[in-house]
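The values are calculated or read from the model by the stated rules, or taken from the named source; none is laboratory data. No experiment lies behind these values; they were computed from the predicted model shown. Cβ sites come from the backbone with ideal geometry, for glycine too, and all protein chains shown count toward neighbours. Protein only, heavy atoms only, side chains kept; ligands, DNA and RNA dropped before computing areas. Shrake-Rupley method; radii C 1.70, N 1.55, O 1.52, S 1.80 Å.
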Amino acid sequence: MLIKWYNLCGFQQFVRSINMKRTFLTLLISLSFFNLFAQSKAAAGISGPLVDDRVELLSIASRLAEYDEYSDDANKLYVQDIHTRFDKYKDHPLVKYLRMVRDTNSIGFDAVATMSIHVGHAPGFKPLVTFTADVPDKRWGAGAALKCDSLMAQFYQDTHFAEFFKAHQTMYDTAVSRFNLVYRQLDLSWYPAYYGIPPRGSFNIVLGFGNGGANYGPKVVYPDGHEESYAIMGCWKFDNDGKPSFDDVDYLPTLIHEFNHSYVNYLIEQHRRQFQSAGEKIYAAVGPKMQRLAYANWKTMLDEALVRASVIRYMIDHQMSQDKIDHETQQQLYIGFVWIDKLVDLLGAYESDRKTYPTLDSFMPKLVEFYTSVAGNMNQILADYSKSMVHVTAIEPALSKDSTVSPGLTQIKVYFDKALVGKGMSINYGPAGKEHYPGIKSVSYTDDKKAILLQFMLKPKTTYEFVLTGLSFKTPDGHPLESYLVSFKTGE
């Protein structure tokens, strides 16, 4: 069962409404609850969230090396401090090496996170296991990983990284305290029950201050089979003071997601040959969307699909609200996993017949059959999903990449084929980037919710583009807008 705590405001009102003896007793019970909670987590091999010097050092060095995925600037105060302190080290040997291996070894994304947790803590950063062609990751290889390891230690000393890390301890502590509200809801006992195998080691939650919206689930496997699994959580929401804030709507599914990787990735790998043909066909159909998520091959795509479907099974098993379950399902459909609802149903059949299938591994032949069927029906699956989505039907005035409009234009009207929920907006930069994004001042909905009015300010002789997405532009029952690129230019 998922452990939930009382709504804090409601709990405080309850405490104020009773006498001092009852209040004292309630507080004792609360403290006992949290002690038992912490003990149960510790017994399960999981410790509370923390900020890790290895993860921060390598993510900061990757930012200096201009890795796009480590260059998010949402954490404005922290990013400002990074550049103030470290910009003078942009030509440090570690940073130059990271630039080189990005080009030669395709290093990036989870390869950086995986490297960081395969070495010990500062100041030595010594390898925790023997590096090989596949450890810490085949993209590194033994030689590149060992070189990075030694340069991490050099970077730590040359930049006086310990001073930076210590100076931000209060900020780290605040984030950890806030993340605990999400962490306390994680039911770690679900994983061995669902997958049918006991945990092989410890679980670790790391808040990646330099990660932006990226999250990773790497692990270290020791020679005796013991594993250290990690959920490295990005920080992408902040309060008015610029301090990280966390909520269970976005962060709990992400936390559940990353720990699933420790159980899932090896399953697909063990049955790689059986999955490959279907996986390649499906990837050919949805490859562009997968690549936008940095999933470069069919194997990663199938890992992610099983993880994401298992997150939804977790939500169902823990009787989360149907709105949350539907939201998570629609999110996965929208980003490209157009078969996810069918996979969730199949995993429900697995859960209902554990006598026949005691482990998810024993259910793999059914998943192979499932993906063979999906591969043969991808065109129909894609067509059915597209039909369920919202579509742009017209824009007034009509715009296209060849359109030239007056820089005095201040408003356009966008029409849809379905009524939207009528609140919020989700508009991204276009392929040309931020400099070609118009200054959108407001978005308002028509009374029937089948059109929006976009107001903006334009400059003369400028090309503009932006993308309307389905994150907020969706129907009341959650069906999203199919992403739509708006592109035009202004005249004199």
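Put simply, of L207, L151 the only residue that is in a strand (DSSP E or B) and within 27 Å of V95 (Cα to Cα) is L207.
Can you tell me how many residues within the range 181-204 are touching a residue at least 24 places away in the same chain (Cβ under 8 Å), of a type outside the set (V, I, T) and not in a helix (DSSP H, G or I)? Matching residues across the range 181-204 total 13. Here is the figure for the range 96-120: residues that are touching a residue at least 40 places away in the same chain (Cβ under 8 Å), of a type outside the set (S, T, Y) and assigned to a helix (DSSP H, G or I) total 7. Does S229 fit the bill of being part of a strand (DSSP E or B), at pLDDT below 90 and open to solvent by less than 30 Å² (accessible area, probe 1.4 Å)? Yes: the conditions hold for S229. Residue count for the range 341-357 satisfying the condition of being β-branched (V, I, T) and either at pLDDT below 95 or surrounded by 21 or more Cβ atoms within 10 Å (Cβ to Cβ) (or both): 1. Of everything in the range 444-477 that is assigned to a loop (DSSP other than H, G, I, E, B) and β-branched (V, I, T), the residue that is farthest from G336 (Cα to Cα) is T462. Among residues of the range 346-369 that are on the phi < 0 side of the Ramachandran plot, those with a Cβ under 9 angstrom from a residue that is of a type in the set (K, R) and open to solvent by less than 50 Å² (accessible area, probe 1.4 Å), sequence gap 6+ or separate chain, pair up as L347/R313; G348/R313; Y350/R313; E351/R313.
Taking the criterion of being in contact (Cβ under 8 Å) with a residue 40 or more places away in the chain, in contact with a strand residue (DSSP E or B) (Cβ under 9 Å, 6 or more places away or on another chain) and of a type outside the set (G, A, S), the residues of the range 372-401 that qualify are M389, V390, H391, V392, I395, L399, K401.
When each of L302, L252 is tested for being more than 30 Å from N180 (Cα to Cα) and of a type outside the set (F, W, Y), the lone residue that passes is L302.
Checked against (1) closer than 27 Å to P460 by Cα; (2) open to solvent by 70 Å² or more (accessible area, probe 1.4 Å), S403 passes all but a single condition, namely (2). Here's a check for you: in the range 385-407, which residue that is assigned to a loop (DSSP other than H, G, I, E, B) and modelled with pLDDT of 95 or more is farthest from Y484 (Cα to Cα)? Of everything passing the filter in the range 385-407, M389 is farthest from Y484 (Cα to Cα). The lone criterion from (1) open to solvent by 50 Å² or more (accessible area, probe 1.4 Å); (2) in contact with a Ser or Thr (Cβ under 7 Å, 6 or more places away or on another chain) left unmet by G210 is number (1).
Looking across the range 364-377, the residues that are assigned to a helix (DSSP H, G or I) and either open to solvent by 10 Å² or more (accessible area, probe 1.4 Å) or charged (D, E, K, R) (or both) come down to P365, K366, V368, E369, F370, T372, S373, A375, G376. Comparison of G217, G242 shows that the only residue that is closer than 24 Å to A193 by Cβ, open to solvent by 10 Å² or more (accessible area, probe 1.4 Å), among the small types (G, A, S) and in contact (Cβ under 8 Å) with a residue 24 or more places away in the chain is G217.
Would you mind finding the one in D72, D87, D68 that is farther than 16 Å from K147 by Cα and modelled with pLDDT of 95 or more?
Exactly one of D72, D87, D68 is farther than 16 Å from K147 by Cα and modelled with pLDDT of 95 or more, namely D87.
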